[in-house]
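Derivation of every value follows stated rules applied to the coordinates shown; laboratory data play no part. All values reported here derive from a predicted model rather than from experimental measurement. As a convention, Cβ positions derive from the backbone with ideal geometry for all residues, glycine included, and neighbour counts pool all protein chains shown.
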Amino acid sequence: MKLSNIDLNKILKEVKFNFSRSGGKGGQNVNKVETKVELVFNIPASMTLTEGYKELLINKLHAKLDNDLNLRIVAQTERTQLGNRKKAIDKFIKLLNNALKTEKVRVKTVKSASTKLTILEKKKKHGQKKKQRGEKVFDED
């Protein structure tokens, strides 16, 4: 399951942004401008997601959630607030899409009888080859 553009727009309206001063590059701007962006999304309070999706997100992203089941994403690598905001949104969308991805069910395959026989024959040949390496032949002169 991948989120469509309409769903993403609805979900992004439910997101809250917090801004603060970040460290790193930026010169004097670092001390004046709040460029660090923290994206906060409360999964249970979402009106867009169904209950099934909420449970799935909570189960898959439990390590990234706080006690109130808020998903927090921080971006502070860019020098501008807008750049960090875009990065945080991109991370958020990737996280949601990866968490909502349905995993393919592995279908067990059975080896045919002829395949089993060829494998056994190869093993026997390999064993014989190794056995011959160990045998020492002495010539009587």
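Numbers below:
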| read-out | value |
| --- | --- |
| Eligible lysines near K87 by straight Cα distance, threshold 29 Å, same-chain separation 8 or greater | K2, K10, K13, K16, K25, K32, K36, K54, K60, K64, K101 |
| Segment 50-137 - convex hull of alpha carbons, volume per residue in Å³ | 248 Å³ |
| Candidates S22, S112, S46: whichever shows maximal mean-square fluctuation once the chain is modelled as a Gaussian network with Cα springs under 10 Å | S112 |
| Calculated over segment 5-100: convex hull of Cα atoms, volume per residue (Å³) | 97 Å³ |
| Most mobile of K124, K104, K13 in a GNM of the chain (Cα contacts under 10 Å) | K124 |
| L71 long-range amide H proximity, modeled H, under 5 Å | F41, N42, I43 |
| Gaussian network model of the chain, springs between alpha carbon atoms under 10 Å - residue of T118, T102, T50 with greatest fluctuation | T118 |
| Exposure proxy order (Cβ contacts within 10 Å, fewest to most) of K36, K125 | K125, K36 |
| Dipole-positive endmost among V105, I73, I43 within the chain (Cβ charges, Cα centre) | V105 |
| Extension gain from L100 to R133, taking 0.36 nm per residue of separation minus the Cα-Cα distance | 6.3 nm |
| Residue order, fewest to most beta carbons within 10 Å, for E103, E14, E51 | E103, E51, E14 |
